[in-house]
Amino acid sequence: MSLRSWFRVDKALSHDVNAAIGITLKKSWPRLVRAWIYVPFGTVLIMLVLWGIDSVIRLTGVSFPASVAAMLLLFFGLILLELLLGEKRTKGVVKVVEVPASFALKYINMFFVTSFVLLPLSPSIGAAEVGKIVAVFFIGFSVATVATVYLVRGLQLVLPTPKRADSDDRDDPRESIPLTLTPGPSQAAAPVDRSSTVSSTHFLVPPTPVLETQRLRGVGPVCIRLPKHITSLPNPRPPTPPSFGAPAPQVVGPSRQQKLAKIFTSHLDTFVYGSLFVASLPVLYTTGYTLPSHLTLTILSFFSALSIPPKFKFQRLAHPVLTCSALTILGVYILSLSTHTAFKSALQTYRTKTTYLTLFHGRSQPAPGAGDIFASLLDVSIVALALPMYSHRLTLSQNLLSILLPCIVLAIASLTLYPLLCNLVSIAPPRAISFSARSLTLALATPAVHNLGGDTQFLAVLCITSGIFGVLVGPRLLRALSVGEREYLVRGVALGANGSAVATAWLLGRGEVRAAGVSSLAMVALGVVVVVAASVGPVRRGVESLAGV
């Protein structure tokens with residue numbers, strides 16, 4: 001290829017790329033406005049409300065997480081608003097809150113990554129204690145799941161059956177906000193698409209081929225399915241022979257601009273954060289400030305974790321939190337080598353415990369790290385859990401005791417038996433306390449264990465492992481107990497109270513929408529009970545005593 005031809009091709013490619021970028025921006029600007037203006041504005045407003053609630057709680061002298069208090073206030077506030085203003089106006093309020101809340105719930109898994117990334121900073125655990133932890137975990141999970149199944153079944157025999165539990169369309173879990181971004185089996189055929197694709201009107205669709213009845217022979221199912229006006233013709237005319245030399249009709253496919261626009265649109269978030277990561281490197285190398293590079297690195301790692309194909313042999317084990325954490329740790333290690341910084345020192349800058357509450361209260365603290373951003377957004381996610389609870393309010397009201405009583409029993413057992421058993425087998429007290437929140441979703445387990453004085457980094461491993469265990473082992477336990485898909489209440493409470501958000505997303509991906517709705521309610525109910533109990537002084541002292549503190 002001559003130099004002139006090369007420049008001509010290069011110029012054409014540059015023109016197509018620019019045109020594709022224009023198409024992408026034109027199609028994506030509503031989503032970009034929502035993602036980069038509406039969502040941050042709404043998120044900051046929620047943080048300001050949380051700061052106000054936290055200030056009021058501090059005046060009372062009670063240790064209670066502001067995020068959980070705000071979640072309960074929002075849930076009961078929406079119910080009260082529906083009673084006063086009606087469902088239609090309340091839905092308008094929900095749509096406004098949904099803007100930041102849907103973002104927070106969609107990416108809630110990413111906000112859990114911090115605890116895993118900081119695991120190399122935790123003190124080492126001996127092999128003997130690891131074996132004891134595995135034994136306590138396996139026995140506890142199995143016994144808790146079986147006990148939950150029989151408890152719910154027993155309550156169903158005693159309590160009256162709801163009349164409209166299966167027929168109310170307003171309480172459809174498919175209409176609720178997703179708890180995670182983990183793709184389920186129903187989404188397995190297509191790659192994760194974090195943005196809207198280019199409109200189909202940009203591409204020409206080949207015309208439908210004309211039916212050739214002369215190729216049909218005899219009578220049979222194929223002939224029976226043909227329209228009557230074709231099969232009833234007595235002497236159909238033979239087709240006109242094609243004229244030789246006539247050009248065949250050509251199907252026009254998408255142009256290169258349209259193909260590029262489709263790629264740009266479907267991977268817009270990756271391109272944006274990839275560009276921001278490159279732009280953050282000069283800041284890292286000139287000032288040593290790690291937040292921009294660590295933040296964008298974690299986000300890109302999370303996108304990579306979501307892109308693992310569903311047909312991957314160990315896809316169930318490759319949970320986005322675990323995969324993202326491993327990629328982030330590797331990335332932080334590489335960046336620390338390039339800046340000649342010790343690896344553990346680089347990890348210490350990942351989270352400095354300077355969250356939005358610290359900044360709003362005006363305390364003097366080091367600059368925040370990427371982990372502090374995720375910890376702040378996790379509080380917003382906890383508040384956002386009120387929306388799926390509100391979406392399933394009818395299921396909650398119809399099955400209140402069948403959902404709430406097993407969660408209360410499981411909470412009492414977790415707060416007493418786990419610390420006691422761990423103490424008897426000589427597991428360290430901070431980790432024994434963390435076991436008391438083993439069944440909770442990490443969003444609610446973190447404030448509970450923080451109040452109790454447990455190890456929050458060890459807690460992250462427990463909670464995520466519980467979720468993965470709930471997907472791998474939970475269904476087998478339910479099959480062994482003859483719990484079929486018709487028993488959606490039993491399946492939902494058992495998996496939601498023992499497998500948290502990971503099991504809930506698995507149920508939703510399988511199409512068990514009613515069980516997923518019950519699972520999300522059980523997950524939140526159990527978490528709220530444990531968080532409230534952990535905020536009571538005598539309960540805290542009792543758990544510490546059982547754990548051997």
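The values are calculated or read from the model by the stated rules, or taken from the named source; none is laboratory data. The structure presented is a predicted model; accordingly, all values stated were derived computationally and were not measured. FYI the Cβ positions are ideal-geometry reconstructions off the backbone, even for glycines, and counts take in every protein chain you see.
Things to note:
- Tally, over segment 509-545, of residues that are closer than 30 Å to I427 by Cα and of a type outside the set (A, V, I, L, M): 9
Yes or no, residue by residue, for (1) among the small types (G, A, S); (2) under 25 Å from the mean Cα position of the chain (by Cα):
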{"residue": "S63", "(1), (2)": "yes, no"}
{"residue": "L78", "(1), (2)": "no, yes"}
{"residue": "V93", "(1), (2)": "no, yes"}
{"residue": "P100", "(1), (2)": "no, yes"}
{"residue": "A104", "(1), (2)": "yes, yes"}
{"residue": "V117", "(1), (2)": "no, yes"}
{"residue": "P123", "(1), (2)": "no, no"}
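- Pair list, Cβ < 7 Å and 6+ apart or interchain, from segment 301-315 residues that are hydrophobic (A, V, I, L, M, F, W, C) to residues that are modelled with pLDDT under 70 and part of a loop (DSSP other than H, G, I, E, B): L306/L181; L306/V192; I308/Q315
- Test: residue in segment 480-496 that is under 21 Å from V321 (Cβ atoms), modelled with pLDDT of 90 or more and in a helix (DSSP H, G or I): yes
- Checking each residue in segment 358-377 for being crowded, with 24+ Cβ neighbours inside 10 Å and aliphatic (A, V, I, L, M) picks out only A370.
- Residue in segment 142-150 that is of a type outside the set (A, V, I, L, M, F, W, C), over 17 Å from L459 (Cα atoms), surrounded by 16 or more Cβ atoms within 10 Å (Cβ to Cβ) and at pLDDT below 90 present: no
- Checking A448 against (1) at pLDDT 90 or above; (2) more than 19 Å from V136 (Cα to Cα); (3) out of contact with any Leu (no Cβ under 8 Å at 6 or more places or on another chain), the condition it does not meet: (3)
- The C-beta contact set for segment 384-413 (first residue surrounded by fewer than 24 Cβ atoms within 10 Å (Cβ to Cβ), second residue in a helix (DSSP H, G or I) and basic (K, R), distance under 6 angstrom, 6+ apart or interchain) is empty.
- Qualifying residue in segment 470-489 (condition: more than 20 Å from G154 (Cβ to Cβ), in contact with a Cys (Cβ under 8 Å, 6 or more places away or on another chain) and among the small types (G, A, S)): no
- T270 being modelled with pLDDT of 70 or more, of a type in the set (V, I, T) and under 22 Å from the mean Cα position of the chain (by Cα): yes
Yes or no, residue by residue, for (1) among the aromatic types (F, W, Y); (2) touching a residue at least 12 places away in the same chain (Cβ under 8 Å); (3) farther than 20 Å from G548 by Cα:
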position: F435; (1), (2), (3): yes, yes, no
position: L444; (1), (2), (3): no, yes, yes
position: G454; (1), (2), (3): no, yes, no
position: F469; (1), (2), (3): yes, yes, yes
position: G474; (1), (2), (3): no, yes, yes
position: L481; (1), (2), (3): no, yes, yes
position: G484; (1), (2), (3): no, no, yes
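- Test: Y289 is surrounded by fewer than 20 Cβ atoms within 10 Å (Cβ to Cβ) and either within 16 Å of V117 (Cβ to Cβ) or at pLDDT 90 or above (or both): yes
- Hey, I57 in a helix (DSSP H, G or I), surrounded by 15 or more Cβ atoms within 10 Å (Cβ to Cβ), touching a residue at least 12 places away in the same chain (Cβ under 8 Å) and in contact with a Phe, Trp or Tyr (Cβ under 6 Å, 6 or more places away or on another chain) or not: yes
- Complete set of residues in segment 445-495 that are under 23 Å from P419 (Cβ atoms) and among the β-branched types (V, I, T): T446, V449, T456, V461, I464, T465
- Qualifying residue in segment 296-310 (condition: surrounded by fewer than 17 Cβ atoms within 10 Å (Cβ to Cβ), over 21 Å from F111 (Cβ atoms) and either modelled with pLDDT of 90 or more or polar (S, T, N, Q) (or both)): no
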